[in-house]
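Below is one structure, written out as C-alpha coordinates, with a few remarks after it.
The values are calculated or read from the model by the stated rules, or taken from the named source; none is laboratory data. Quick caveat, the model's predicted, so the values are computed rather than measured. All Cβ positions, even for glycine, are placed from backbone atoms using ideal geometry, and neighbour counts span all protein chains on display. For the accessible areas, the whole protein counts, side chains as well, though only heavy atoms, and no ligand, DNA or RNA atoms are used. Shrake-Rupley method; radii C 1.70, N 1.55, O 1.52, S 1.80 Å.
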Amino acid sequence: QQGATCNIEFIGLTGLLAITTNDWSNNVCDAYSENSFDYALPHQLNAIGYDTYYFHSGYEWFYNRQTMIPNYGFETVKFQEDMYDLGYSNPLEEDTSGEPFVDRYDTDMIHFFNEFVDYDNPIFVNLLTYSGHGAYNQEDFDIYLNRVEEAYPDNEFDYEIINYMEKMVELDNMIGLVMDELEANGELDETLFVIYPDHFPYMLDHEVYTEHTEIEISDKELKRQTLIMYAQGMTPEVFEKPGSTVD
(Lines give C-alpha, C1' and ligand atoms only; values in the text may rest on other atoms or scores of the structure.)
Protein backbone atom coordinates (compact mmCIF):
# COMPACT_ATOMS: atom_id res chain seq x y z
CA GLN A 1 0.00 0.00 0.00
CA GLN A 2 1.01 3.59 -0.46
CA GLY A 3 3.72 4.46 2.03
CA ALA A 4 3.11 8.14 2.63
CA THR A 5 4.83 9.47 5.75
CA CYS A 6 1.57 10.17 7.53
CA ASN A 7 0.27 6.64 6.95
CA ILE A 8 3.39 4.99 8.33
CA GLU A 9 3.36 7.22 11.40
CA PHE A 10 -0.26 6.25 11.95
CA ILE A 11 0.50 2.54 11.67
CA GLY A 12 3.56 2.78 13.92
CA LEU A 13 1.82 4.73 16.68
CA THR A 14 -1.58 3.02 16.69
CA GLY A 15 -0.93 -0.50 15.41
CA LEU A 16 -3.84 -0.07 13.00
CA LEU A 17 -3.57 -0.85 9.30
CA ALA A 18 -6.05 1.65 7.90
CA ILE A 19 -4.88 2.36 4.36
CA THR A 20 -7.83 1.54 2.12
CA THR A 21 -6.47 2.28 -1.34
CA ASN A 22 -3.21 2.48 -3.22
CA ASP A 23 -4.01 5.96 -4.46
CA TRP A 24 -1.40 8.59 -3.58
CA SER A 25 -4.12 10.97 -2.43
CA ASN A 26 -5.27 8.51 0.24
CA ASN A 27 -3.71 9.30 3.59
CA VAL A 28 -5.15 8.80 7.02
CA CYS A 29 -4.32 12.35 8.14
CA ASP A 30 -6.97 13.60 5.75
CA ALA A 31 -9.47 10.88 6.63
CA TYR A 32 -9.02 10.66 10.42
CA SER A 33 -7.37 13.88 11.59
CA GLU A 34 -10.28 14.74 13.91
CA ASN A 35 -10.39 11.29 15.55
CA SER A 36 -9.11 10.51 19.04
CA PHE A 37 -6.75 7.55 19.37
CA ASP A 38 -6.95 6.58 23.02
CA TYR A 39 -4.95 3.38 22.53
CA ALA A 40 -2.09 4.98 20.59
CA LEU A 41 1.33 4.57 22.17
CA PRO A 42 1.68 8.20 23.41
CA HIS A 43 -1.71 8.02 25.18
CA GLN A 44 -0.75 4.73 26.84
CA LEU A 45 2.59 6.15 28.00
CA ASN A 46 0.86 9.27 29.34
CA ALA A 47 -1.29 7.00 31.48
CA ILE A 48 1.76 5.59 33.28
CA GLY A 49 3.47 8.92 33.90
CA TYR A 50 5.49 9.67 30.76
CA ASP A 51 5.86 13.12 29.24
CA THR A 52 5.33 12.79 25.47
CA TYR A 53 6.97 14.95 22.80
CA TYR A 54 6.67 15.13 19.02
CA PHE A 55 9.20 17.13 17.01
CA HIS A 56 9.51 17.71 13.27
CA SER A 57 11.50 20.42 11.54
CA GLY A 58 9.08 20.50 8.60
CA TYR A 59 5.84 22.44 8.29
CA GLU A 60 3.04 21.99 10.81
CA TRP A 61 0.31 22.25 8.15
CA PHE A 62 1.61 19.39 6.01
CA TYR A 63 -0.59 16.27 6.43
CA ASN A 64 -2.73 18.17 8.95
CA ARG A 65 -0.01 17.48 11.51
CA GLN A 66 -0.98 20.29 13.86
CA THR A 67 -4.41 18.63 14.24
CA MET A 68 -3.52 14.95 13.90
CA ILE A 69 -0.44 14.61 16.09
CA PRO A 70 -1.94 15.79 19.43
CA ASN A 71 -4.77 13.28 18.93
CA TYR A 72 -2.26 10.45 19.33
CA GLY A 73 -1.60 11.68 22.85
CA PHE A 74 1.49 13.85 22.35
CA GLU A 75 1.43 16.60 24.97
CA THR A 76 4.17 18.77 23.45
CA VAL A 77 4.06 19.12 19.64
CA LYS A 78 6.51 21.45 17.89
CA PHE A 79 7.47 22.20 14.29
CA GLN A 80 9.77 24.60 12.43
CA GLU A 81 7.26 27.41 12.88
CA ASP A 82 7.72 27.15 16.65
CA MET A 83 11.51 27.43 16.34
CA TYR A 84 11.31 30.52 14.16
CA ASP A 85 8.77 32.03 16.60
CA LEU A 86 11.45 31.60 19.29
CA GLY A 87 13.87 33.71 17.22
CA TYR A 88 15.80 31.04 15.34
CA SER A 89 16.57 31.79 11.68
CA ASN A 90 17.26 29.82 8.51
CA PRO A 91 20.58 30.89 6.94
CA LEU A 92 19.73 28.95 3.75
CA GLU A 93 17.03 31.59 3.26
CA GLU A 94 19.58 34.34 3.87
CA ASP A 95 18.20 35.05 7.34
CA THR A 96 20.96 35.32 9.94
CA SER A 97 19.06 37.32 12.53
CA GLY A 98 18.99 34.54 15.12
CA GLU A 99 20.56 31.23 16.08
CA PRO A 100 20.60 28.97 13.00
CA PHE A 101 17.86 26.40 12.51
CA VAL A 102 17.83 24.69 9.11
CA ASP A 103 14.78 22.52 8.57
CA ARG A 104 16.55 19.97 6.35
CA TYR A 105 19.43 19.43 8.79
CA ASP A 106 18.49 16.69 11.25
CA THR A 107 21.27 17.78 13.61
CA ASP A 108 19.40 21.05 14.20
CA MET A 109 16.57 19.03 15.78
CA ILE A 110 18.70 18.95 18.93
CA HIS A 111 17.41 22.50 19.52
CA PHE A 112 13.97 21.01 20.20
CA PHE A 113 15.48 19.18 23.18
CA ASN A 114 17.19 22.35 24.38
CA GLU A 115 13.99 24.37 24.20
CA PHE A 116 11.24 22.00 25.24
CA VAL A 117 12.34 18.77 26.95
CA ASP A 118 12.73 18.37 30.68
CA TYR A 119 13.59 15.20 32.54
CA ASP A 120 11.38 15.39 35.61
CA ASN A 121 9.41 12.35 34.38
CA PRO A 122 10.15 9.49 31.97
CA ILE A 123 10.01 10.75 28.38
CA PHE A 124 8.84 9.49 25.01
CA VAL A 125 10.21 11.60 22.16
CA ASN A 126 9.13 11.07 18.54
CA LEU A 127 11.49 12.67 16.03
CA LEU A 128 10.26 12.81 12.44
CA THR A 129 13.51 13.39 10.57
CA TYR A 130 13.96 15.31 7.35
CA SER A 131 17.49 14.99 5.98
CA GLY A 132 17.11 11.56 4.37
CA HIS A 133 14.19 12.72 2.28
CA GLY A 134 14.73 13.83 -1.32
CA ALA A 135 15.46 15.46 -3.49
CA TYR A 136 18.92 13.93 -3.80
CA ASN A 137 20.57 16.92 -5.41
CA GLN A 138 21.02 19.15 -2.36
CA GLU A 139 24.61 20.33 -2.52
CA ASP A 140 24.58 21.76 1.01
CA PHE A 141 25.07 18.16 2.19
CA ASP A 142 28.39 18.00 0.33
CA ILE A 143 29.99 18.98 3.63
CA TYR A 144 29.98 15.19 4.16
CA LEU A 145 31.46 14.29 0.79
CA ASN A 146 34.76 13.34 2.42
CA ARG A 147 32.92 10.80 4.61
CA VAL A 148 31.47 9.08 1.55
CA GLU A 149 34.83 9.08 -0.20
CA GLU A 150 36.53 7.64 2.88
CA ALA A 151 34.00 4.81 3.02
CA TYR A 152 34.01 4.19 -0.74
CA PRO A 153 37.37 5.29 -2.20
CA ASP A 154 37.50 5.44 -6.00
CA ASN A 155 33.73 5.09 -6.21
CA GLU A 156 31.93 5.91 -9.42
CA PHE A 157 28.51 6.40 -7.87
CA ASP A 158 25.89 8.60 -9.46
CA TYR A 159 25.68 11.89 -7.56
CA GLU A 160 22.17 11.05 -6.33
CA ILE A 161 23.57 8.00 -4.52
CA ILE A 162 26.36 10.09 -3.04
CA ASN A 163 23.89 12.73 -1.91
CA TYR A 164 21.71 10.06 -0.28
CA MET A 165 24.75 8.74 1.62
CA GLU A 166 25.68 12.27 2.70
CA LYS A 167 22.18 12.68 4.11
CA MET A 168 22.58 9.44 6.06
CA VAL A 169 25.70 10.93 7.68
CA GLU A 170 23.55 13.85 8.82
CA LEU A 171 20.99 11.45 10.31
CA ASP A 172 23.75 9.52 12.07
CA ASN A 173 25.17 12.74 13.50
CA MET A 174 21.74 13.68 14.85
CA ILE A 175 21.44 10.35 16.67
CA GLY A 176 24.86 10.98 18.19
CA LEU A 177 23.78 14.41 19.44
CA VAL A 178 20.63 12.94 20.97
CA MET A 179 22.70 10.27 22.72
CA ASP A 180 25.04 12.95 24.07
CA GLU A 181 22.03 14.94 25.32
CA LEU A 182 20.55 11.92 27.08
CA GLU A 183 23.87 10.96 28.61
CA ALA A 184 24.36 14.48 29.96
CA ASN A 185 20.97 14.21 31.67
CA GLY A 186 21.57 10.72 33.08
CA GLU A 187 19.01 9.09 30.77
CA LEU A 188 21.06 7.23 28.16
CA ASP A 189 21.22 3.93 30.06
CA GLU A 190 17.43 4.07 30.49
CA THR A 191 16.55 4.78 26.85
CA LEU A 192 15.29 2.52 24.08
CA PHE A 193 15.90 3.79 20.54
CA VAL A 194 13.55 2.70 17.75
CA ILE A 195 14.46 3.78 14.21
CA TYR A 196 12.46 3.02 11.09
CA PRO A 197 11.83 4.59 7.68
CA ASP A 198 8.46 5.48 6.20
CA HIS A 199 9.25 4.30 2.66
CA PHE A 200 12.07 3.54 0.25
CA PRO A 201 13.79 6.62 -1.27
CA TYR A 202 11.33 6.88 -4.15
CA MET A 203 12.63 10.32 -5.15
CA LEU A 204 15.87 8.76 -6.35
CA ASP A 205 16.00 8.30 -10.11
CA HIS A 206 14.53 4.81 -10.54
CA GLU A 207 17.16 3.67 -13.02
CA VAL A 208 19.94 4.85 -10.71
CA TYR A 209 18.29 3.16 -7.73
CA THR A 210 17.80 -0.14 -9.57
CA GLU A 211 21.38 -0.21 -10.81
CA HIS A 212 22.79 0.51 -7.35
CA THR A 213 20.58 -1.87 -5.31
CA GLU A 214 19.93 -4.51 -7.98
CA ILE A 215 16.28 -4.45 -6.90
CA GLU A 216 13.79 -3.81 -9.67
CA ILE A 217 11.24 -1.07 -9.06
CA SER A 218 8.48 -3.62 -9.76
CA ASP A 219 9.84 -6.03 -7.13
CA LYS A 220 7.90 -6.14 -3.86
CA GLU A 221 11.25 -6.43 -2.03
CA LEU A 222 11.67 -2.73 -2.84
CA LYS A 223 9.20 -1.94 -0.06
CA ARG A 224 10.91 -4.05 2.62
CA GLN A 225 12.61 -1.76 5.13
CA THR A 226 14.75 -2.17 8.24
CA LEU A 227 13.65 -1.64 11.84
CA ILE A 228 16.43 -0.87 14.31
CA MET A 229 15.96 -1.16 18.07
CA TYR A 230 18.87 -0.31 20.35
CA ALA A 231 19.60 0.08 24.04
CA GLN A 232 22.95 0.63 25.75
CA GLY A 233 24.67 -2.65 26.57
CA MET A 234 22.36 -4.88 24.56
CA THR A 235 23.63 -7.96 22.75
CA PRO A 236 23.13 -7.40 18.99
CA GLU A 237 20.79 -9.78 17.20
CA VAL A 238 19.45 -9.78 13.64
CA PHE A 239 15.93 -10.98 12.84
CA GLU A 240 15.15 -11.84 9.22
CA LYS A 241 11.57 -13.00 9.69
CA PRO A 242 9.10 -10.40 8.37
CA GLY A 243 6.83 -8.76 10.89
CA SER A 244 3.61 -6.80 10.52
CA THR A 245 1.44 -4.54 12.64
CA VAL A 246 -1.43 -6.86 11.65
CA ASP A 247 0.18 -9.52 13.87
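Below are the figures for this structure:
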read-out	value
Gyration tensor verdict on the range 85-134 (Cα atoms; rounded if a/c is under 1.5, prolate if a/b is larger than b/c, oblate otherwise)	oblate
Selected from Gly134, Tyr84, Pro236, residue furthest toward positive end of dipole (the chain; charges at beta carbon)	Pro236
Charge sum, other residues only, whose C-beta stays under 11 Å from Thr76's C-beta, Lys/Arg counted +1 and Asp/Glu -1	-4
Normalised contact order of the range 62-164, rounded percent, pairs of Cα under 8 Å and 6 or more residues apart	16
Fluctuation leader among Phe141, Phe200, Phe37 - the chain, Gaussian network, Cα springs under 10 angstrom	Phe200
Rounded to the nearest 20 debye, dipole of the chain from Cβ charges on Lys, Arg, Asp, Glu	1040
Summed side-chain charge close to Leu45 - residues other than Leu45 whose Cβ falls under 13 Å, Lys, Arg +1, Asp, Glu -1	-3
Per residue value of the accessible surface for the chain (all protein chains in place, 1.4 Å probe), Å²	59
Summed residue charge, Cβ within 15 Å of Glu60's Cβ, Lys/Arg positive, Asp/Glu negative	-3
Cα-centred dipole magnitude for the range 91-236, charges only on beta-carbon of K, R (+1) and D, E (-1), debye, nearest 20	620
Accessible surface of the range 43-161, 1.4 Å probe, proportion on carbon and sulfur as whole %	44
Within the chain, helix-based [θ] at 222 nm, where runs of 4 or more DSSP H residues each add -39,500 (n - 2.57), nearest 500	-9500 deg cm²/dmol
Most mobile listed residue (Pro236, Pro70, Pro197) in the chain, GNM with C-alpha springs under 10 Å	Pro236
The range 150-224: relative contact order in percent, alpha carbon pairs under 8 Å with at least 6 residues between	31
Entries in Lys78/Lys220; Lys78/Lys167; Lys167/Lys223 that, when Cα-Cα distance is taken, lie over 28 Å	Lys78/Lys220
Shape of the range 1-150, Cα gyration tensor, a/c cut at 1.5	oblate
